[in-house]
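Below: the structure, in structure tokens.
The values are calculated or read from the model by the stated rules, or taken from the named source; none is laboratory data. Predicted model only: the values in this text are computed from it and were never measured. Backbone-built Cβ (ideal geometry, glycine too); neighbour counts: all protein chains shown. What goes into the accessible areas is simple: the full protein's heavy atoms, side chains included, and nothing from ligands, DNA or RNA. Shrake-Rupley method; radii C 1.70, N 1.55, O 1.52, S 1.80 Å.
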Amino acid sequence: GYSGTRALVAMDGVLWAIQDSKLWRIAKTGTYKKFGGGYADTRDMTALDGNLYVIDARVLWKVDKRGKYVKLGGGYTDTRAIATLAGSLWIIDGSILWKVDKKGKYTKIGSGYSDTKAMAALDGSLWVIDSGTLWRTEIK
């Protein structure tokens, strides 16, 4: 079963899951292949331009389709959500919204996200559920 799953994302027609500290590629047929381990404290994962981006053990990792990983930065102590929009990663860590490029350079965008439950990108905006309210942030 999938009871130990910490993150799940679709990329290039397959699913990628982190389950029981391991990265798995899951085909539509249900077949799966392990791509490495060591993901003991995964907070979230997303996909952008054919790579996975995983926040694990307070670090942002870029992971390619072969499972090779590169550390992009650290300090993510309370990650609550991650999404992709307009070629960037958007991370809510603690109460702060960060814009992060594909190399790990980050910019503080705003704060006040004290109880974030989820975030998604749609039609050029970030949609965040925080403190029981759905908020829209337009990205230009």
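Here are the numbers:
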item	result
Cβ crowding within 10 Å averaged over residues, with 27-35, 66-74 ranked highest first	66-74, 27-35
Magnitude of the charge dipole, the chain, Cβ model with Lys/Arg +1 and Asp/Glu -1, debye to 20	560 debye
Per residue accessible area in Å² of the range 1-54, where ligands, DNA and RNA are left out and the probe is 1.4 Å	54 Å²
Residue (of Val63, Gly94, Ser21) at the positive-pole extreme of the range 20-140, dipole from beta-carbon charges	Val63
FRET efficiency, Asp20 to Thr77 (Cβ-Cβ, R0 22 Å, nearest 0.05)	0.40
Reduced Cα scattering model of the range 93-138, Debye log10 I(q)/I(0), q = 0.14, 0.32 Å⁻¹	-0.34, -1.22
With DNA, RNA and ligands ignored, accessible area of Tyr106 (1.4 Å probe; Å², nearest 10)	140 Å²
By average C-beta atoms within 10 angstrom, highest first, the peptides 107-116, 55-64	55-64, 107-116
Charge dipole (debye, nearest 20) of the range 20-87; +1 at Cβ of Lys and Arg, -1 at Cβ of Asp and Glu	340 debye
Stretchable slack from Ile96 to Lys140, in nm (0.36 nm times residue separation minus alpha-carbon distance)	14.0 nm
Rough spin-label spacing in nm, given labels placed 7 Å along Cα→Cβ, for Val70 and Leu8	3.0 nm
